[in-house]
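So that we are looking at the same thing, I have put the structure below in structure tokens.
Read-outs: derived from the displayed coordinates by stated rules, not from any lab. What you see is a predicted model, and the numbers here were worked out from it, not measured in a lab. In this analysis, Cβ positions are derived from the backbone assuming ideal geometry, glycine residues included, and neighbour counts consider all displayed protein chains.
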Amino acid sequence: MQTLWQDIRYGLRMLAKNPGFTAVAVATLALGIGANTAIFSLVNAVMLESLPVYHPEQLVVPRWSAHEWPQNTGTSSFGDCSSQRDKPGSNSGGCSLSYPMFKEIRAHKDLFSNVAAFAGPAELDLSGNGAASMTSGELVSGDYFQTLGVRAAMGRTLEPADEEPNAVPVVVLNYGYWQSAFGGSAAAIGKTIRLNNVAFTIVGVTEPGFTRLTPGKTLDMWLPLTQLVPLGLRWGGRSLDAQNWWLTLAARLKPGTRPEQAEAALSLLFRDEVLHGEKPAMKEADDPKILLVPAQSALTGFRANFGEPLYLLMGSVGIILLIACANVAGLMLARATAREKEMAVRLALGAGRGRVIQQLLTESVMLSVAGAVLGVFVAFWGATGLAGFLGTNLYRPFNLDLHPDARVLLFTIGVALLTGIGFGLAPAFRGTRIDVAPTLKENAGSLSAARNAGGRRFGLGSSLVVAQVALSMVVLIGAGLLLRTIEKVKSINPGFDTRNVLLFSIDPTLAGYKENNIQNVYDELTRRLAALPGVVSASYASDALLDGGLWTEDLNIEGQKGNDTVEVQMLAVGPEFFETMRISLVAGRTLNAADMHVKQDVALVNQAFVRKYLEPRNPLGLHFGGGDPGEKLDKEIVGVVADTKYDDMRKADQPTAYVPLKNGQLTFALRTAGAPSALIPGVRKTVNEVDSNLPVFQVRTQTETIDRLLFNERLVARLTSLFGLLGLLLACIGLYGLLSYEVARRTREIGIRAALGAQRRDVLRMVIRQGLVLIAVGLGVGVLAAYFAMRFLQSLLFGVRATDPFTFAAVCGLLILVGVLACYIPARRATRVDPIVALRYE
């Protein structure tokens, strides 16, 4: 420790003696370490954070597995657990189970100490606490909080008695929502609110540490499962049916119970239900079974969406750290050459080479630690900005805990130590590999420089610059490919005009409207919204185009060969929808107001529908209907419209049918003459005038919905572009530093060349040529590395190959241009060397 303390004190003096070198090295490392810590903080919060429950490692989730996807069932995972539906013959699986299956599993008290079920979130219309608003609630079993070990900060949590069919409707609030919506008032406990026009009593508030179980969900409250039907939720039909798999379960094994024993027992229950139930969902050959998966890995949430981009970004910032290390290592090499006489004196006085290496490594680790300390501030700023950008992709805000925990701190410390040792080893060994006697002579520095110049044209310093150029090229090519992907996707014609369209959603059924009078609300809202100043036309649909939602149905089509049903995309729309969205009419007519009020259903289909199912017949007047055997073909085709993109810009045009929207949640589309966002206050006021209990939610423009679809590409493209430019800057600094050092080291040689008649352009060409050689070698290595590395981006690319020659050529051109600029300043300085001054002391 005494020796270490001596090294630290001496290192501090040496770093303070060279403030310029220290500042550049610390700033470079701060950028590299800070970028890595920022991305790792996000990876930690999104992918590695433990579930906020009591002993999360003991919590398991039953997940079914089979060779085939179940028949005669409906499944809903609500984003809790990713489903796997592979090709026939491959394993399929999911976490969704039916309510009867949940009750049977919960009855096994010999296997589990607690079993809870949950589903949602559900968008709820809240009234009774000021103006009507939309909230997010999760439906849970009465023992949900006891299973998770979550307590109440005030009042109580849900209890098994609250799940009884005739129980008084109660609700438990999220702590943060209680603070924002109810002002943190204790008077909220016992207060009655109305959710979807059903009275609920607030009985408690959860502890602050529990915000949700599944990563990424934003929940305002929790309600008993049995309130699903009274709330009138669209996905609540057949909630007690064994064929409706809509619940995710979480359980804790009873002490002494082995997981294999519980899996065997649950598999017997599951097999009996799906093989021998009233409507068998599988066959014996499907080998259905239940596996108990740790909740930490089973409950994926938005990890499935953000996991791949974050890991790609982690690789990008890792490359930036390597560039930073190479940059600082180059600086340390130059500094080691300048300290050759100091090292020679130390060795001549008896210091061992190991002792000198220890001193030099201590200095490099001190630099990396200083860079890490400064990098923590860079990381916090960067991670906060990234979290905000992630939030722009969601209609509801979500909270990420970005405060550095033990894992993040250990990561930063580890990176700092590895970085310090990594970039310090080569200069340390290089600095001690010197001949003591020649170095101590008066002109040893110049002689050594001349000897090195003549014998080693491509040394370690040059290799580091080549590495920086190559690594920068890999990141820049990745950024270029993603930017071209976004450009390609946005250039796709969606089939309608995406400009100047304001979208917002309402759901009159949540406010208590019945089917017999709901159409009058639609008509009144449409009339008033169309009359707003700046609105060109107004209509509505069951969902917005290119908003990620998709409704498909199996249909029977009149005259279809065979008795097989066909899968068709469906969209329920209002009058003048096609005019508002500017979707071209090909044949027949569009929907009008009268079509919304008659019992006889009409429909329009797109050209892909006609091409695939109706040609060469005339589609007008043909009928189609639901896919159940014997169901009436009750929808008459009255028009054909142009193809449009529905849920994904990348997909080919699919057969789509448009039917009149007569009830349920809808999304209004307003075609505006100017900026759509300017109409938002007027829209809210108009809806409030029609009914103050109708909350407006998911307000956005059509352009914003498309940006959300491309979120992963935009995230990775923006950050890799930033990291690529940062890497390019560091590589140019490294090239500039190396050439400046070479010019200073070869001042005597340049002076002799000038004295013997060399022109300034010859000296300029000589230095620039040296830099261009390094750039050319770096480009060659970078092209080869990028060729293999870009395959990891393939899933994010569209319309452009991972080996796109245009992108490779553009990045090469950029690096050459910037590299020439980095070479020019040292080269120009070399042309100004005065031969008399250079040779004065020779």
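V170's amide H: which non-local residues (gap 5+, or another chain) put their own amide H closer than 5 Å, with H modeled 1.01 Å from N in plane and none for Pro or chain starts?
For V170, whose amide H was placed from the backbone, the distant partners under 5 Å are T201.
Quick check on my link table: of K217/K514; K109/K254; K191/K685, which ones sit more than 19 Å apart, alpha carbon to alpha carbon? Write down the numbers at each step before the final one.
Working: K217/K514 30 Å; K109/K254 8 Å; K191/K685 28 Å.
Flagged as over cut-off: K217/K514; K191/K685.
I would also like to ask the following. Evaluate the stretch 280-345: find the radius of gyration of its Cα atoms, find its Kirkwood radius, and give the ratio Rg to Rh. Spell out each step's value before the answer.
Values: Rg = 26.9 Å, Rh = 17.8 Å.
Radius of gyration over Kirkwood radius for the stretch 280-345 works out to 1.52.
Highest first, please rank the peptides 114-125, 486-497 by the mean number of other Cβ atoms sitting within 10 Å of their residues. Write down the numbers at each step before the final one.
Values: 114-125: 23.7, 486-497: 14.9.
Result, highest mean first: 114-125, 486-497.
Could you list, by residue number, the cysteines of the chain that have no other cysteine's beta carbon within less than 4.7 Å of their beta carbon?
Cysteines of the chain left without a disulfide-compatible partner: C325, C732, C812, C823.
Then there is this: How much of the DSSP beta bridge set in the chain is antiparallel, as a percent to the nearest 5?
Just about 75 percent of them are antiparallel.
Can you tell me which aspartates and glutamates have their Cα less than 20 Å from the Cα of K17? Leave out same-chain residues fewer than eight positions away.
Straight-distance partners of K17: D7, E340, E342, E363.
Ranked from highest to lowest mean number of other Cβ atoms within 10 Å per residue, what is the order of the peptides 200-206, 651-657, 595-601?
Working: 200-206: 22.0, 651-657: 17.1, 595-601: 12.1.
Order by mean packing, descending: 200-206, 651-657, 595-601.
Now for a different question. Where in the stretch 231-304 are there GluC sites (Glu not before Pro) that are in a DSSP coil and have at most 12 other Cβ atoms within 10 angstrom of their Cβ? Kindly include the intermediate steps, with their values, before the conclusion.
Numbers: sites: E260, E263, E273, E278, E284; in loops: E278.
Loop-located and lightly packed - E278.
In sequence order, what are the phi-derived ³J(HN,Hα) couplings for the stretch 218-233 according to the Karplus relation 6.51 cos²θ - 1.76 cosθ + 1.60 with θ = phi - 60°, rounded to whole Hz, with x for glycine and proline?
Taking θ as phi minus 60°, the curve returns 10, 10, 9, 6, 10, 10, x, 4, 5, 8, 4, 5, x, 6, x, 6 Hz for the stretch 218-233.
Moving on. Can you tell me the 0 to 90 degree angle between the C-alpha axis of helix 444-455 and the longest principal axis of the chain, rounded to 10?
60
Using modelled amide H (1.01 Å from N, peptide plane; none on Pro or chain starts), what sits under 5 Å from the amide H of E576, excluding residues fewer than 5 places away?
The list, which skips near neighbours in sequence, is L591.
Cα-based Rg of the chain per 2.2 N^0.38 Å, rounded to two decimals?
Details: Rg = 34.1 Å, N = 842, 2.2 N^0.38 = 28.4 Å.
Normalised Cα radius of gyration, the chain: 1.20.
Now a separate question. For helix 711-745, report the angle its Cα long axis makes with the longest principal axis of the Cα atoms of the chain; keep it between 0 and 90° and round to the nearest 10°.
0
Here's something else I'd like to know. I'd like the distance separating the alpha-carbon centroids of the stretch 583-643 and the stretch 650-728, in whole Å.
Value for the Cα centre distance between the two parts: 27 Å.
Evaluate Rg over Rh across the stretch 133-201, taking Cα atoms for both radii and Kirkwood's formula for Rh. Provide the component values of the computation, followed by the final result.
Numbers: Rg = 12.2 Å, Rh = 13.0 Å.
For the stretch 133-201, the value is 0.94.
Mind ordering 691-698, 324-331, 15-22 by average Cβ neighbours within 10 Å, highest first?
Working: 691-698: 17.5, 324-331: 27.6, 15-22: 12.9.
Top to bottom by mean Cβ count within 10 Å: 324-331, 691-698, 15-22.
Could you tell me which of rounded, prolate or oblate describes the stretch 649-801, using a ≥ b ≥ c as the square roots of the eigenvalues of the alpha-carbon gyration tensor, with rounded for a/c under 1.5 and, failing that, prolate when a/b is larger than b/c and oblate otherwise? Spell out each step's value before the answer.
Values: a/c = 5.06, a/b = 2.92, b/c = 1.73.
Prolate, since a/c reaches 1.5 and a/b exceeds b/c.
Hey, what angle do you get for helix 406-432 against the long axis of the chain, alpha-carbon based, 0 to 90 degrees rounded to 10?
20
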